1. So what's the angle, to the nearest 10 degrees on a 0 to 90 scale, between helix 204-217 and the longest Cα principal axis of the chain?
2. Report the residue, chosen from GLY67, GLY55, GLY246, that carries the largest GNM mean-square fluctuation when the chain is represented by alpha-carbon nodes joined by springs under 10 Å.
3. With a cut-off of at most 11 other beta carbons within 10 Å, and DSSP calling the residue loop, which trypsin sites (Lys or Arg not before Pro) in region 219-256 qualify? Please list them.
4. Run the numbers for GLU249 and ARG34: contour at 0.36 nm per residue of separation, minus the present Cα-Cα distance, in nm.
5. Tell me the label-point distance for the pair ASN218, ASN156, using the 7 Å Cα-to-Cβ offset, in nm and rounded to one decimal.
6. Work through the residues other than LEU201 whose Cβ is under 9 Å from its Cβ and net out their charges, Lys, Arg +1 and Asp, Glu -1.
7. Using a 10 angstrom cutoff on alpha carbons, build the Gaussian network for the chain and name the most mobile of PHE170, PHE83, PHE58.
8. In region 121-184, which trypsin sites (Lys or Arg not before Pro) fall in coil by DSSP and have 13 or fewer other Cβ atoms within 10 Å?
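The values are calculated or read from the model by the stated rules, or taken from the named source; none is laboratory data. Computed from a predicted structure; not experimentally measured. A quick note on method: Cβ atoms are made from the backbone with ideal geometry, for glycine too, and the neighbour counts reach across all protein chains shown. Ligands, DNA and RNA are excluded from the accessible area calculation, which covers all protein heavy atoms including side chains. Shrake-Rupley method; radii C 1.70, N 1.55, O 1.52, S 1.80 Å.
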Amino acid sequence: MLFWKYQGAGNDFIMVDQRREQLLRREHTEWIARLCDRRFGIGGDGLILLQNLDGYDFEMVYFNADGRESSMCGNGGRCIAAFARDLGLVQDACRFVAIDGPHEARISPAGQAGSYWVELKMMDVPSVERQDADTYVLNTGSPHYVHFVGAVDGLNMVEEGRAVRYSDRFREQGINVNLVESTATGLRIRTYERGVEDETLACGTGVTAAVLANALRNAVAGKEAETQVEAQGGHLSVRFEPDGAGFREVWLCGPAVQVFTGEILVAY
């Protein structure tokens with residue numbers, strides 16, 4: 001099976017082009033998990049299938065590193081747009097469907113071959129649960145817990161993340177946990193992802209959730225705004241428009257880079 005490896009701010013994914021032949025299916029949970037394993041497989045935070053879908057450029061099917069199909073992955077969505085560009089399927093824009101519905105992306109070359117700046121339109125967020133002045137729960141395509149702290153350095157992110165993810169409220173469905181620090185230029189973020197069950201270098205839906213929670217926390221109102229975010233693996237930004245109790249025109253922007261391609265034996 002041919003595969004491609006992409007990363008967006010250090011959030012890395014195995015890509016498989018399934019337009020002509022479907023080698024991997026949703027029931028191949030154990031094999032997909034093995035492919036994502038960094039010692040026994042290719043290694044990645046997740047695996048993404050690019051498939052045909054009438055009326056759109058393609059369909060995105062996303063699996064977490066545990067091999068299970070999951071909710072929307074923002075950096076994965078940006079990376080699959082770059083992948084479609086490298087395949088010659090699209091040029092400077094695309095429309096595709098993921099598990100949370102239709103998306104569009106804008107793709108611009110960024111220096112060396114296989115490197116792009118991709119802007120991905122995310123789903124509207126009609127409401128945000130505010131637990132207290134520093135803690136928010138919202139869905140940006142995936143469910144997120146956002147907590148603002150004084151500084152993100154020095155925290156045991158796995159311990160902090162698991163305490164929330166496996167709490168009574170979130171244990172069954174799981175939730176992604178983001179600890180966020182406000183800076184003079186924007187935000188810094190660290191994220192524990194369900195399904196990966198570890199800290200990842202970046203999480204697109206988590207960055208989006210942090211920016212929207214920050215806007216609510218600071219009572220940002222009016223027209224379009226943009227916030228810069230420093231994740232562990234690189235810089236991203238989010239544009240948005242406040243819309244009553246929620247947000248619309250939400251765009252996740254950042255790098256998407258092809259790392260390598262190869263072939264692996266599929267033996268399920």
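1. 10
2. Its mean-square fluctuation being the largest, the pick is GLY55.
3. Sites meeting the loop and neighbour criteria: LYS223.
4. Working: separation 215, 0.36 × 215 = 77.40 nm, distance 3.69 nm.
Once the chain is fully extended between GLU249 and ARG34, it gains 73.7 nm.
5. 3.2
6. Value of the local net charge: -3.
7. Maximum among the listed residues: PHE170.
8. When the trypsin sites (Lys or Arg not before Pro) of region 121-184 are filtered for loop state and at most 13 Cβ neighbours within 10 Å, ARG169, ARG171 remain.
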